[in-house]
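Asker: One structure is given below, represented as structure tokens, and several questions about it will come after.
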Amino acid sequence: MSEENEGYQAHETAVIDEGCKIGKGTRIWHFSHIMPGCTIGENCNLGQNVVVSPGVVLGRNVKVQNNVSIYTGVRCEDDVFLGPSMVFTNIVNPRSAVVRKEQYVKTLVGRGASIGANATIVCGNDIGRYSFIGAGAVITREVRPYALVVGNPARQVGWMSEYGHRLDFDKEGFATCPEGGEKYRLENGEVKKLE
């Protein structure tokens, strides 16, 4: 890591273009490229060989593992985890000979969501807060908050707590996280954390 610069740290091999905003406490590792016009919140960690394209917004405490490219049109809220080599897209029908920069499709990754290694997020499919996407999953439709999805194409197989544990709902539709102790309610196909 190089010396602290404007409140964040970046390895000497990282390329940080002018015109990007990087929050205090963020760490950027080897061979990463941070492009102009992107915003990275406080206390983020960007692993080796990460690319953050123009217009991308990362909230606070976002963890980006090695070999992830975050393309224009993607917005990640606070506490998102992006697993190693996972992939975002931003054009539905890409062609090398057809320029479609004005047709980028937006994708929102909700607060606390985790996306597993080698997963693919097809653009325009928002990822619900605290959802959990298994390694290698291919997301071709919206993911509900707290949903656990796996496979290609991804399908929902359960629900997850904010601590990342699978929730086991009783007959009345209640579940408790085994680690955090929070209680959840499943009603009409939606999970809500109880206060």
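The values are calculated or read from the model by the stated rules, or taken from the named source; none is laboratory data. Treat the numbers as computed from the prediction; the structure is a model and nothing was measured. A quick note on method: Cβ atoms are made from the backbone with ideal geometry, for glycine too, and the neighbour counts reach across all protein chains shown.
Per-residue answers, yes or no, for (1) of a type in the set (G, A, S); (2) at pLDDT below 95; (3) under 16 Å from the mean Cα position of the chain (by Cα); (4) farther than 21 Å from Y146 by Cα:
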{"site": "Q9", "(1), (2), (3), (4)": "no, no, no, yes"}
{"site": "I16", "(1), (2), (3), (4)": "no, no, no, yes"}
{"site": "V62", "(1), (2), (3), (4)": "no, no, yes, no"}
{"site": "N66", "(1), (2), (3), (4)": "no, no, yes, yes"}
{"site": "I70", "(1), (2), (3), (4)": "no, no, yes, yes"}
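Asker: Now for a separate question. May I ask you to list the residues in the stretch 41-58 that are without any contact (Cβ under 8 Å) to a residue 24 or more places away in the chain and of a type in the set (V, I, T)?
Answerer: V50, V51, V56, V57
Asker: How about the stretch 87-105: which of its residues are under 19 Å from the mean Cα position of the chain (by Cα) and among the polar types (S, T, N, Q)?
Answerer: Once the filter is applied, which keeps residues that are under 19 Å from the mean Cα position of the chain (by Cα) and among the polar types (S, T, N, Q), the stretch 87-105 yields T89, N90.
Asker: Another question, then. Under 8 Å by Cβ, and 6 or more places apart or on different chains, what pairs join a residue from the stretch 114-138 that is in contact (Cβ under 8 Å) with a residue 12 or more places away in the chain and among the acidic types (D, E) with one that is part of a strand (DSSP E or B) and surrounded by fewer than 21 Cβ atoms within 10 Å (Cβ to Cβ)?
Answerer: Partner pairs satisfying both residue conditions: D126/L108.
Asker: Further question: Does V50 satisfy the criteria of being closer than 23 Å to I133 by Cβ, at pLDDT 95 or above, in contact with a Lys or Arg (Cβ under 7 Å, 6 or more places away or on another chain) and hydrophobic (A, V, I, L, M, F, W, C)?
Answerer: On the way: closer than 23 Å to I133 by Cβ: yes; at pLDDT 95 or above: yes; in contact with a Lys or Arg (Cβ under 7 Å, 6 or more places away or on another chain): no; hydrophobic (A, V, I, L, M, F, W, C): yes.
No: the conditions fail for V50.
Asker: Go through the stretch 151-193 and tell me which strands (runs of 3 or more DSSP E), entirely inside it, have 3 or more residues that are in contact (Cβ under 8 Å) with a residue 12 or more places away in the chain.
Answerer: Details: elements: 155-159, 174-176, 183-187, 190-193.
Output list reads 183-187, 190-193.
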